[in-house]
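Engineer: If you scroll down you'll find the structure; I have some questions about it.
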């Protein structure tokens, strides 16, 4: 029997956040958790056809979240992306928010808000 759950790619350099998000969504989704942007790009390329949505931080080592998003957009223009960041004022999120399939959530965030935004993105 195959697993019919959707797959969620999570990219955050904070292990605590990655683990929290994985725990929250693991009952509903298959999880691919990445510790930096380079790993996120590699995982996206390997699993592109099965990924239903992405949750990513913007400020990460090796490759920034905006570069990850740019890479994803080159291959999957409408894939839902939820950005979680504590550095919104340092990153130009206005350009990213012009994409109807992108939402930005400022850290710290409430779990119910995170779940609601992800659900809204997946319904589009």
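Engineer: Which condition number does residue 48 fail, the rest of (1) touching a residue at least 24 places away in the same chain (Cβ under 8 Å); (2) in a loop (DSSP other than H, G, I, E, B); (3) surrounded by fewer than 16 Cβ atoms within 10 Å (Cβ to Cβ) being met?
Structural biologist: (2)
Engineer: Out of the residues in segment 52-79 meeting the condition of being out of contact with any strand residue (DSSP E or B) (no Cβ under 7 Å at 6 or more places or on another chain) and in a helix (DSSP H, G or I), tell me which one is surrounded by the fewest Cβ atoms within 10 Å (Cβ to Cβ). Even if it seems obvious, please write down each step before you answer.
Structural biologist: Residues of segment 52-79 out of contact with any strand residue (DSSP E or B) (no Cβ under 7 Å at 6 or more places or on another chain): 61-64, 66-67, 70-71, 73-78.
So of that shortlist, the ones also in a helix (DSSP H, G or I) come out as 66-67, 70-71, 73-75.
On the way: 66: 20, 67: 16, 70: 13, 71: 16, 73: 16, 74: 8, 75: 10.
Filtering first and then ranking leaves 74.
Engineer: If we scan segment 28-39, do we find a residue that is modelled with pLDDT of 95 or more and out of contact with any strand residue (DSSP E or B) (no Cβ under 9 Å at 6 or more places or on another chain)?
Structural biologist: There is at least one residue in segment 28-39 that is modelled with pLDDT of 95 or more and out of contact with any strand residue (DSSP E or B) (no Cβ under 9 Å at 6 or more places or on another chain).
Engineer: Restricting to segment 1-34, and then to whatever is touching a helix residue (DSSP H, G or I) at 6+ places or on another chain (Cβ under 7 Å) and not in a strand (DSSP E or B), can you tell me which residue is farthest from residue 83 (Cα to Cα)?
Structural biologist: Restricting attention to segment 1-34, the residues satisfying the condition of being touching a helix residue (DSSP H, G or I) at 6+ places or on another chain (Cβ under 7 Å) are 7-12, 24, 31-34.
This time we only want the ones that are not in a strand (DSSP E or B), so: 12, 24.
Numbers: 12: 10, 24: 16 Å.
If we take residues in segment 1-34 being touching a helix residue (DSSP H, G or I) at 6+ places or on another chain (Cβ under 7 Å) and not in a strand (DSSP E or B), then 24 is farthest from residue 83 (Cα to Cα).
Engineer: Run down 49, 116, 76 and say which single residue is farther than 23 Å from residue 15 by Cβ, at pLDDT 90 or above and in contact with a helix residue (DSSP H, G or I) (Cβ under 8 Å, 6 or more places away or on another chain).
Structural biologist: 76
The values are calculated or read from the model by the stated rules, or taken from the named source; none is laboratory data. Nothing here was measured: the structure is a model prediction, and the numbers come from that model. Methodologically, a virtual Cβ is constructed for each residue, glycine included, from the backbone with ideal geometry; neighbour enumeration extends over all protein chains shown.
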